[in-house]
Every structure is written in structure tokens, then in C-alpha cells.
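Peer 1: There's a structure below that I have some questions on.
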Amino acid sequence: MTAAMREAADAVGVHPGDARLLGLTNNAVFALPSAGMVIRIARSHRLTNRVYKVVELGRWFEQVDAPTIRLAPNVTQPVRAGTLLASIWSYIPPVAPAPTVEELGPVLREFHSLGPLPERLPAWDPVGDARSRLADAEELSDSDRQFLLDWCDRLEAPVAALQQRAGSGIIHGDAHVSNLLRNAAGRVVLCDFDATCLGPWQVDLVAVAVGEVRFGQRGAHATLAEAYGYDVTTDPDWPLLRDARELKMIAAAVPRLRSSAGVRAEFAARLHSVRENHQHARWKPFAEIGG
């Protein structure tokens, strides 16, 4: 990924001397502070369409002054990064105080009110996303694969019914404090648009609510509910929304099972807790897990 980052930097004429890795999940994300850029590389050719989607979204965000980060100016995108594709964004240096879950509420309200929406934005599809991750997962046991596929089958019809019943607007798709930044002007903005799509707005309140249960983030959900003006855990569709979120949180690990023993152990623990219906079992964030 470092070699790919260097190729992307060379392609746009900047020096990667002070580059540092910000994250390594489905994307390798590098900050280049001296160049004022963040290079975000999709680590799989399966994610190529996502890169084109986030670039198109980035252009639209600027047009409507969305509460989001901005694409790097004067860069033709996407950018080739070795054999992979990257999007390049303007770097936002850390600014105190760090964004809070209380600030997430109004940012999401503003985001949900954006329009007119861009064309070709995909529909919220947690089942399809999970199935795509399972398609060539060589590290899964037969029993784990079948359990996850059965889970997808069970959710498919209820998710489709919810989509039809609730209608849809733009949703971030992975709304939590780690995807917030404070820019130099003090404005709190969203980042990471891989999961951005059209769906029920309630979806964007679920990550914090489930995170409180699974990661022990005490008080975060109540704060978000007050700041946004809605408690998603009182929604009639809360059990389905939670189920879909937890499927995403488990399936997200599948591409990393081969390369990380820590991820394999956490994946097994999460799957066991769901199989045994341990609804309050604590999970460890994959972002905190090394090799």
C-alpha cells in the first residue's frame, strides 16, 4: 500500500516525504500534510466502483456546500495507485476540540436535508454488501459461511420491505464520531463515503446505538438521540436495523481474515455471540486490532 501511495502521489506531482498511514481496512488511507492531501486507496479491485462513486459524491458535495470534506482541488480523479484506484482529498489537520457525538446530530440533520440528489447513487443494501464480501472469502469455514448466508437470506425480504415502506434519502451509511473532522473554520464535517447511499434516514442513527451496546460507549446513544431529535431504539424497525448493522460489522472483517490473526479471533468472537444470542456481549473495534 505504501508503494501504491507513492505512485498516486507521483501521478499528481507531490512528494510523499511526510506521508503517514491513518487507517488500513478496506482502504489504505495516507495523510500527506505537507502536500495538503489525503490519499485513499481501495485495497481490492472489487471496490473500484466505490472509488468512482465517492469521487462523484465529492464533486457534488462541493456544489451544495455539504458538511463534508472536500476533494483535493485541481486533481483529475480517480487517480491510479499501482494497479489500484485512489481518491484524493484535502487534508484537514487535527483541530481542538475533537468533534463529539453531540455535534454528529446536527451534522446528520444537515446531511439528510441535502438535495437535489446526485444520479446513480446506490440503494442501501446491507445484504448485498455482505454477500459480496462472502463471495470469495477463502478463510471461512463451511459452517461460518453457511451461517452468514442464512443470515443474509433471513434479512433480505424485511430489508426490502423497509426500503419500500420508509422511503429513502441520502444517508452516510457509517455515521459515528470517528468519521467526523473539524476544519480550520471550526465547521464539523463528515468523511468516509464508501457506504453513502439512498436509504431510510434512521440507518444513520444505528451505528452509535449499536456501538454503545457492543463497544460500551456509555451515554453516546442518548446524546445523539437528543441532538438529532429522535431515539432510533424506539423505532418499530429497530430490531431489523440493529440486525442489519451487526451483519455489516461482522461481514466487514471477512476480507482481512487471511492477513490478521487478531481480526480472525475477533470475527470468531462476534459470530459466536450472535449464534448464541448474547445481545450484550462486548466486541472490540477492528480498527484497534493489529496483526
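Peer 1: Of everything in segment 253-264, what is surrounded by 19 or more Cβ atoms within 10 Å (Cβ to Cβ) and closer than 17 Å to Asp129 by Cβ? Give them in sequence order.
Peer 2: First, the residues of segment 253-264 that are surrounded by 19 or more Cβ atoms within 10 Å (Cβ to Cβ): 253-256, 263.
If the condition is that a residue be surrounded by 19 or more Cβ atoms within 10 Å (Cβ to Cβ) and closer than 17 Å to Asp129 by Cβ, then Ala253, Val254, Pro255, Arg256 are the ones that fit.
Peer 1: Tell me yes or no: at least one residue of segment 262-269 is outside any strand (DSSP E or B), closer than 24 Å to Glu156 by Cα and out of contact with any Phe, Trp or Tyr (no Cβ under 9 Å at 6 or more places or on another chain).
Peer 2: yes
Peer 1: Any residue at all in segment 159-169 that's of a type outside the set (D, E, K, R), closer than 26 Å to Ala135 by Cα, within 15 Å of the chain's Cα centre (by Cα) and in the same structural domain as Pro122 (by TED's automatic domain parsing)?
Peer 2: First, the residues of segment 159-169 that are of a type outside the set (D, E, K, R): 159-164, 166-169.
From the residues that got through so far, the ones that are closer than 26 Å to Ala135 by Cα too are 159-163.
Of the ones still in play, those that are also within 15 Å of the chain's Cα centre (by Cα) are none.
No, that holds for no residue.
Peer 1: Here is a follow-up. Looking at segment 181-217, which of its residues are touching a Ser or Thr at 6+ places or on another chain (Cβ under 8 Å) and farther than 22 Å from Glu119 by Cβ?
Peer 2: Going through segment 181-217, the residues touching a Ser or Thr at 6+ places or on another chain (Cβ under 8 Å) turn out to be 189-191, 193, 198-200, 209.
Listed by number, the residues that qualify are Val189, Cys191, Ala209.
Peer 1: Part of a loop (DSSP other than H, G, I, E, B), under 29 Å from Lys248 (Cβ atoms) and out of contact with any His (no Cβ under 8 Å at 6 or more places or on another chain) - does that describe any residue in segment 54-61?
Peer 2: For segment 54-61, residues part of a loop (DSSP other than H, G, I, E, B), under 29 Å from Lys248 (Cβ atoms) and out of contact with any His (no Cβ under 8 Å at 6 or more places or on another chain): absent.
Peer 1: Could you list, in sequence order, the residues of segment 270-291 that are closer than 23 Å to Leu24 by Cα and not in a helix (DSSP H, G or I)?
Peer 2: Going residue by residue through segment 270-291, those that are closer than 23 Å to Leu24 by Cα are 270-271, 282-291.
The answer is Arg282, Trp283, Lys284, Pro285, Ile289, Gly290, Gly291.
Peer 1: Cβ-Cβ below 6 Å, separation at least six or inter-chain, first residue in segment 136-147 and surrounded by 11 or more Cβ atoms within 10 Å (Cβ to Cβ), second in a helix (DSSP H, G or I) and among the β-branched types (Val, Ile, Thr): which pairs?
Peer 2: Ala137/Val254
Peer 1: Would you list the helices (runs of 4 or more DSSP H) that sit entirely within segment 122-233 and hold 1 or more residues that are under 30 Å from Val95 (Cα atoms)? Please lay out each step first, then the result.
Peer 2: Details: elements: 126-134, 142-166, 206-215, 220-228.
In segment 122-233, 206-215, 220-228 are the helices (runs of 4 or more DSSP H) which contain 1 or more residues that are under 30 Å from Val95 (Cα atoms).
Peer 1: Could you say which residue among Pro78, Pro106, Pro97 is touching a Pro at 6+ places or on another chain (Cβ under 9 Å) and either within 26 Å of Phe286 (Cβ to Cβ) or in contact (Cβ under 8 Å) with a residue 40 or more places away in the chain (or both)? Talk me through it step by step, then tell me what you get.
Peer 2: Values: Pro78 fails: touching a Pro at 6+ places or on another chain (Cβ under 9 Å); Pro97 fails: touching a Pro at 6+ places or on another chain (Cβ under 9 Å).
Of Pro78, Pro106, Pro97, the one residue that is touching a Pro at 6+ places or on another chain (Cβ under 9 Å) and either within 26 Å of Phe286 (Cβ to Cβ) or in contact (Cβ under 8 Å) with a residue 40 or more places away in the chain (or both) is Pro106.
Peer 1: Let me confirm something: among Thr83, Thr76, which residue is at pLDDT 95 or above and either more than 22 Å from Ile171 (Cβ to Cβ) or surrounded by fewer than 16 Cβ atoms within 10 Å (Cβ to Cβ) (or both)? Spell out the reasoning first.
Peer 2: Details: Thr83 fails: at pLDDT 95 or above.
Result of the check over Thr83, Thr76: Thr76.
The values are calculated or read from the model by the stated rules, or taken from the named source; none is laboratory data. Nothing here was measured: the structure is a model prediction, and the numbers come from that model. Cβ: placed from backbone, ideal geometry, glycine included. Neighbour counts: every protein chain shown.
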